[in-house]
Amino acid sequence: MNHLRIQSLGKRYGGVVALDGVSLDIEGAGIYGLIGPNGAGKTTLFDCLAGTTEPDQGRVWLNGQEVTAWPAHRMAHLGVARTFQECRILPEETCLDNVLFAAQPQGLLANLAQIWTRRAGHRLAALDEAMRLLHLVRLQDHAHVPAAELSFGQRRLLEIVSTFMAQPDVLLLDEPASGVNPSLLQVLGDFVKTMMAERPRIMLLVEHNMAFVMDMAQDIIVMHQGQLLERGSPAQVQASAKVVEAYLG
């Protein structure tokens, strides 16, 4: 079951209204694009869904269970994972270790020693899966190289690969194409499509690269000034006069 329901979600920061009664129903696995100008409320919505920010009002349900204001560790345990606008990796650790850290219940702050204390079969399975994911984004030759030596685009790929290692049911990707060159962007797109085919899930994709998000998502959600402005297929959204006026134009 893949069902995310948001009802009348609101969040203020002093006199700034970041979310203004956002209601959204996402039913079924797929890639859902979330677009809008800077300050539209997209990242705040992600923060509320991931449990890093508590909304001032409204309710959230995931697969029929109310999860409003659940903290980040509980949302992660429920299968919600996210990336951030600023790339978050462990630069002094190897690429392989970065991915293995993400396999732990505590996320990137886990102690890598836990991997080596597991049963041999679990350990080998984790290593095999980590290497498979690195291969899918062409980072297999960097597996034992500190992540600090990667280019920015490669670091972004490493962060996203690590997120998939946790096998989330809901994935929130915040501007994954930002700073990624065209060749790596193709690798990223192919990787995401492969992972979605292997295990269908809900993916919300915040992105300013219109070509990328329109190609990836079958359903586009447009936000403006903390509210839901428009929703539809890529073609419908691009043809919407409201969207052109507020954003695409």
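Report the relative contact order of the chain, percent, no decimals, based on alpha-carbon pairs under 8 angstrom and at least 6 residues apart.
Rounded, it is 28 percent for the chain.
Taking the alpha-carbon centroid of each part, what is the distance from segment 3-81 to segment 175-249 in angstrom?
Cα centres, segment 3-81 to segment 175-249: 17 Å.
Between Thr94 and residues 5 or more places away or on another chain, which pairs have amide H atoms under 5 Å apart, with H built 1.01 Å from N, and which residues are they?
Residues meeting the criterion, in which the H sits 1.01 Å from N, are Ala147.
Considering amide H positions built from the backbone, and no H for Pro or chain starts, which residues 5 or more places from Cys87, or on another chain, come under 5 Å of its amide H?
none
Would you please give the residues with an amide H less than 5 Å from that of Gln57, counting only those at least 5 places away or on a separate chain, with H modeled from the backbone geometry?
Gly10
Order by neighbour count: Glu66, Glu129, fewest other Cβ atoms within 10 Å first, most last.
Ranked by crowding around the Cβ, least crowded first: Glu66, Glu129.
Sorted from fewest to most neighbouring beta carbons within 10 Å, what does the list Leu229, Leu172 look like?
Fewest-to-most ranking of Leu229, Leu172: Leu229, Leu172.
Shape call for the chain from the C-alpha gyration tensor, a ≥ b ≥ c root eigenvalues: rounded (a/c under 1.5), prolate (a/b greater than b/c) or oblate?
It is prolate, given that a/c is not under 1.5 and a/b is the larger ratio.
Show me, for segment 33-42, the HN-Hα J-couplings you get by feeding each phi into the Karplus relation (A = 6.51, B = -1.76, C = 1.60, θ = phi - 60°), rounded to Hz, glycine and proline as x.
Whole-Hz 3J(HN,Hα) from phi for segment 33-42: x, 10, 10, x, x, 4, x, 6, x, 5.
I'd like the Karplus ³J(HN,Hα) series for segment 164-175: coefficients 6.51, -1.76, 1.60, θ = phi - 60°, whole numbers in Hz, and an x wherever there's a Gly or Pro.
Couplings: 5, 4, 7, 6, x, 8, 10, 10, 10, 9, 9, 6 Hz.
Starting from the 7 Å offset along Cα-to-Cβ, what nm value, one decimal, do you get for the label separation of Val16 and Glu198?
In this crude spin-label approximation the distance works out to 3.8 nm.
What ranking of Lys42, Lys193 emerges when the number of other C-beta atoms within 10 Å of each C-beta is taken as an exposure proxy, fewest first?
The fewest-first ordering by Cβ neighbours comes to Lys193, Lys42.
What nm distance separates the two modelled labels at Ala125 and Ala72, each placed 7 Å from Cα along Cα→Cβ?
2.8
Can you compute 3J(HN,Hα) from phi for each residue in segment 232-239, using the Karplus curve 6.51 cos²θ - 1.76 cosθ + 1.60 with θ = phi - 60°, rounded to whole Hz and x for Gly and Pro?
The phi angles translate into x, 5, x, 5, 5, 5, 5, 8 Hz.
Bear in mind that the values in this text are calculations on the coordinates, not laboratory data. Bear in mind the structure is a predicted one, so any value in this text is a computation, not a measurement. Glycine gets a Cβ as well: all are built from the backbone with ideal geometry, and neighbour counts include every protein chain shown.
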